[in-house]
Amino acid sequence: VQLQASGGGLVQAGGSLRLSCAASGSVFSINAMGWYRQAPGKQRELVATITISRGITTYADSVKGRFTISRDNAKNTVYLQMNSLKPEDTAVYYCNAARIGMTYWGKGTQVTVSS
């Protein structure tokens, strides 16, 4: 499974960005996809996940009400709509895909929120 993330950039506080993650390869085996982020000097943390078959979502408390994860199974793509961005959302965002016994990571995309 290969994951290609896109959509990062620089935005002012209060603004919005949408990240995309396209999966290719053995996508039939993927159970869930999600986004994680890592800020400088901090550990990588979960942002949001979504199950592929039923679309069940989970969110970190810090992004609930501001971020929305969604999927387009026909395109094998997961999106992260980020609204009301805050400077503390600044991080490298990583796309993740999981199947039984295996986890895949895409290259990160930088999100920078200026105050």
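The values are calculated or read from the model by the stated rules, or taken from the named source; none is laboratory data. Since this is a predicted model, take the numbers as computed values, not measurements. Cβ sites come from the backbone with ideal geometry, for glycine too, and all protein chains shown count toward neighbours. Just the protein is used for accessible areas: all its heavy atoms, side chains included, with ligands, DNA and RNA removed. Shrake-Rupley method; radii C 1.70, N 1.55, O 1.52, S 1.80 Å.
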Taking the range 90-115 as the search range and keeping residues that are outside any strand (DSSP E or B) and in contact (Cβ under 8 Å) with a residue 40 or more places away in the chain, which one is most open to solvent (accessible area, probe 1.4 Å)? Lys107
Can you spot a residue in the range 62-78 that is under 18 Å from Ser6 (Cα atoms), touching a residue at least 40 places away in the same chain (Cβ under 8 Å) and assigned to a strand (DSSP E or B)? yes
Contact list please: Cβ distance under 7 Å, first residue in the range 1-20 and of a type in the set (Val, Ile, Thr), second residue part of a loop (DSSP other than H, G, I, E, B), pairs at least six apart or on different chains. Val1/Gly25; Val1/Ser26; Val1/Ile30; Val11/Leu85
Just to be sure before I move on: is Ser6 of a type outside the set (A, V, I, L, M) and within 19 Å of Ala97 (Cβ to Cβ) in the structure I sent? yes
Can you pull out every residue in the range 76-89 that is closer than 19 Å to Asp61 by Cβ and either open to solvent by 40 Å² or more (accessible area, probe 1.4 Å) or of a type in the set (A, V, I, L, M, F, W, C) (or both)? Leu80, Gln81, Met82, Asn83, Ser84, Leu85, Lys86, Pro87, Glu88
Identify all residues within the range 7-48 that are more than 14 Å from Asp72 (Cα to Cα), open to solvent by less than 60 Å² (accessible area, probe 1.4 Å) and assigned to a strand (DSSP E or B); write none if there are none. Gly9, Val11, Leu17, Trp35, Tyr36, Arg37, Val47, Ala48
